[in-house]
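Visitor: Below is a structure I'd like to ask you about.
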Amino acid sequence: MTLTVFLAVLGAAALHAVWNAMVKGGSDKLLGMAGVMLGHVPFALASLLFVPLPAAGALPWMVGGMALHFGYQMFLINSYRIGDLTQVYPIARGSAPLIVAAVSVVLLGVELAPTELLAVLIIGLGIVSLGLARHADGLRNGRAAFLALVTGGFIAGYSLVDGTGARAAGTAVGYYAWLSIGNAAMMALYLALRSPGTFRQLAGPGQRTFWIGGGASFVAYAIVTWAFTQAPIALVTALRETSIIFALFIGVMILREPLNLMKVFSTMTTLLGAALLRWART
């Protein structure tokens, strides 16, 4: 993993935390998620002017990616309805790199150096341990934790599929742009069937999430998709999940969620893993 890829993925992690905080902070989680996903479309269409068409061999991966992204979005909405950002986000994002690393090594034959494997485990430990922190009322939310864990499974799935698909496509941004348009179409169909009134709200209270959240989300994952073609998928996934550090800051400083020693310890552990991951390839 070169320094350029390393810094690009860290930037993507910050953008990812921003749009998640916008969805969590809104009173209507479906409106927030719909704004972000439909907000991909103008950015995707603009990017298609500058990139080639993906190779035909990437189409099955693209369709699979659309389905996995949509499943991820649905579970994330329900997780945020009942859990805090600083609980749901770390479990969902922390479990994903561990699953990706295990599948990459065991099933896909990817070879990671012992130091890289250790870095992935440390990052996963740091992020998942944030989910063990108690809330201000002294209780934990088991249902939110379960939904977040399922969400993590979807994250791992689309990371592996998109990493493979982007390499087969020959254009990472082109692959993700078309995937985003397809994913937005699935979201629009879901809204038309389940919540048609959400479309009207996108022209009012949903505008901010549409443009800012949609733009941040599209750029963030376009960078990650490109990074999948430049470095092992397991390493990119692990580094991307350091976005929990940015989410922790936003959750505490802006959403006023409680801070405790467990959260501080977990954040420092995650930072250690990220530093070790960078050092492993120098």
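The values are calculated or read from the model by the stated rules, or taken from the named source; none is laboratory data. Just so you know, these numbers come straight off a predicted model, no measurement behind them. Positions of Cβ are generated from backbone atoms using ideal geometry, with glycine treated the same way; all protein chains shown enter the neighbour counts. Calculation scope for accessible area: heavy atoms of the full protein, side chains included, ligands and nucleic acids excluded. Shrake-Rupley method; radii C 1.70, N 1.55, O 1.52, S 1.80 Å.
Visitor: Is it true that some residue in region 80-94 is surrounded by fewer than 18 Cβ atoms within 10 Å (Cβ to Cβ) and at negative phi?
Guide: Yes, region 80-94 has at least one match.
Visitor: Restricting attention to region 234-265, which residues are assigned to a helix (DSSP H, G or I) and open to solvent by 10 Å² or more (accessible area, probe 1.4 Å)?
Guide: Answer for region 234-265, where residues must be assigned to a helix (DSSP H, G or I) and open to solvent by 10 Å² or more (accessible area, probe 1.4 Å): 245, 246, 248, 249, 250, 252, 253, 261, 262, 264, 265.
Visitor: Here's another thing I want to ask about it. Restricted to region 149-170, and to residues that are more than 16 Å from the chain's Cα centre (by Cα) and either open to solvent by less than 10 Å² (accessible area, probe 1.4 Å) or among the aromatic types (Phe, Trp, Tyr) (or both), which residue is nearest to residue 55 (Cα to Cα)?
Guide: 169
Visitor: Let me ask something additional. Limited to region 99-119, what total is found for residues that are under 21 Å from the mean Cα position of the chain (by Cα), free of Cβ contacts under 8 Å to residues at least 40 places away in the same chain and open to solvent by 60 Å² or more (accessible area, probe 1.4 Å)?
Guide: The qualifying residues number 1.
Visitor: Shifting gears a bit: Would you mind finding the one in 231, 188, 192 that is outside any helix (DSSP H, G or I) and over 14 Å from the mean Cα position of the chain (by Cα)?
Guide: That would be 231, the only listed residue that is outside any helix (DSSP H, G or I) and over 14 Å from the mean Cα position of the chain (by Cα).
Visitor: Right, something else. Which condition number does residue 50 fail, the rest of (1) at pLDDT 90 or above; (2) assigned to a loop (DSSP other than H, G, I, E, B); (3) closer than 21 Å to residue 73 by Cβ; (4) not acidic (Asp, Glu) being met?
Guide: Among (1) at pLDDT 90 or above; (2) assigned to a loop (DSSP other than H, G, I, E, B); (3) closer than 21 Å to residue 73 by Cβ; (4) not acidic (Asp, Glu), the lone unmet condition for residue 50 is (3).
Visitor: How about region 196-215: which of its residues are touching a Leu at 6+ places or on another chain (Cβ under 6 Å), open to solvent by less than 10 Å² (accessible area, probe 1.4 Å) and assigned to a helix (DSSP H, G or I)?
Guide: Passing the criteria: only 198.
Visitor: Assuming residue 57 fulfils every condition listed in (1) of a type outside the set (A, V, I, L, M, F, W, C); (2) over 14 Å from the mean Cα position of the chain (by Cα); (3) modelled with pLDDT of 80 or more; (4) buried (at least 24 other Cβ atoms within 10 Å of the Cβ) apart from one, which condition is it?
Guide: In the conditions (1) of a type outside the set (A, V, I, L, M, F, W, C); (2) over 14 Å from the mean Cα position of the chain (by Cα); (3) modelled with pLDDT of 80 or more; (4) buried (at least 24 other Cβ atoms within 10 Å of the Cβ), residue 57 misses (4) alone.
Visitor: Taking the residues in region 12-46 that are surrounded by 19 or more Cβ atoms within 10 Å (Cβ to Cβ) and not hydrophobic (A, V, I, L, M, F, W, C) as candidates, determine which candidate is farthest from residue 169 (Cα to Cα).
Guide: Looking at residues that are surrounded by 19 or more Cβ atoms within 10 Å (Cβ to Cβ) and not hydrophobic (A, V, I, L, M, F, W, C), I get 26.
Visitor: Does any residue of region 197-211 turn out to be more than 23 Å from residue 22 (Cβ to Cβ), over 17 Å from the mean Cα position of the chain (by Cα) and in contact (Cβ under 8 Å) with a residue 24 or more places away in the chain?
Guide: No, region 197-211 contains no residue that is more than 23 Å from residue 22 (Cβ to Cβ), over 17 Å from the mean Cα position of the chain (by Cα) and in contact (Cβ under 8 Å) with a residue 24 or more places away in the chain.
Visitor: So, one more: Residues in region 65-77: is at least one β-branched (Val, Ile, Thr), open to solvent by 40 Å² or more (accessible area, probe 1.4 Å) and within 21 Å of residue 187 (Cβ to Cβ)?
Guide: Within region 65-77, not a single residue is β-branched (Val, Ile, Thr), open to solvent by 40 Å² or more (accessible area, probe 1.4 Å) and within 21 Å of residue 187 (Cβ to Cβ).
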